[in-house]
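In what follows, a structure is listed as structure tokens, so that the remarks can point back to it.
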Amino acid sequence: MATKTQAEAQRGRPADPSIEDRVSRAAIEVYSEVGWGGFTIDAVASRAQVGKAALYRRWTSKQDLLTSAMRTIYRNQPGIRDTGDVVTDLEQMAEGLIVNLHSARGIAELRLQIEAKIYPEILDPAMDPIRADWMQDARECIARAVTRGQLPVGTSAGLLFDAIRGPIINRFLLTPSDKASRLMDDRREFSRRVVRLALKAAES
């Protein structure tokens, strides 16, 4: 009968390549529901249906786990779609933001933006991939539009995106829960109005 060598025994069961994605999704869900105060490795392990030992081997703290989850979620995320028309690009981006805000990921992002101001030394690293993703998308989109003559040279990507994201996030936060479906139902028209207002300001 064949027996395991000592090296084989030490290696044990092969690592599950899907664990990182499963744990990342679970971490985002847990954080979106309970925030930093209730976020624990044990809670994430339970949600992901992964043994706690497997998590502790990969992440030494809940800070490392949340930061890793954000990086995994944002890794290889597609940028703003290039349709050839900046108005359409921005309207689709705005509509996507509304959809995202109604998801666990969107709520996690909102929580993180606030809590990173309260616990900057702990949560700023988790915000880094979000900031980088936003700014890269903004700069690339506006650079394309300027090159095509669709926006004036000197248009600030940061200000333009703030002018679009701000009203959407504000509307989402101020809409009563029992009327939240209205924003989703009207997302295309609301996105169109916000983008046109922002572009009009950018041209002045």
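The values are calculated or read from the model by the stated rules, or taken from the named source; none is laboratory data. Model, not experiment: these values are computed from the prediction. Cβ placement follows ideal geometry from the backbone for every residue including glycine, while neighbour counts extend to all protein chains displayed.
List of remarks:
- Filter result for THR175 (free of Cβ contacts under 8 Å to residues at least 60 places away in the same chain, in contact with a Leu (Cβ under 8 Å, 6 or more places away or on another chain) and more than 30 Å from SER61 (Cα to Cα)): yes
- The requirement of being of a type outside the set (Asp, Glu), in contact (Cβ under 8 Å) with a residue 12 or more places away in the chain, touching a Gly at 6+ places or on another chain (Cβ under 9 Å) and assigned to a helix (DSSP H, G or I) is satisfied by GLN136.
- Residues located in the stretch 18-43, provided they are farther than 19 Å from LEU110 by Cβ and aliphatic (A, V, I, L, M): ILE19, VAL23, ILE41, ALA43
- Hey, ARG58 surrounded by fewer than 18 Cβ atoms within 10 Å (Cβ to Cβ), of a type outside the set (S, T, N, Q) and closer than 16 Å to ASP137 by Cβ or not: no
- Filtered residues of the stretch 42-66 (kept if hydrophobic (A, V, I, L, M, F, W, C), more than 14 Å from GLU20 (Cβ to Cβ) and at pLDDT below 95): ALA53
- Any hit, the stretch 111-133, residues being assigned by TED's automatic domain parsing to the domain that holds LEU173, touching a Gly at 6+ places or on another chain (Cβ under 8 Å) and farther than 21 Å from MET184 by Cβ: yes
- Only one entry in MET93, MET70 is part of a helix (DSSP H, G or I) and touching a Pro at 6+ places or on another chain (Cβ under 7 Å), namely MET70.
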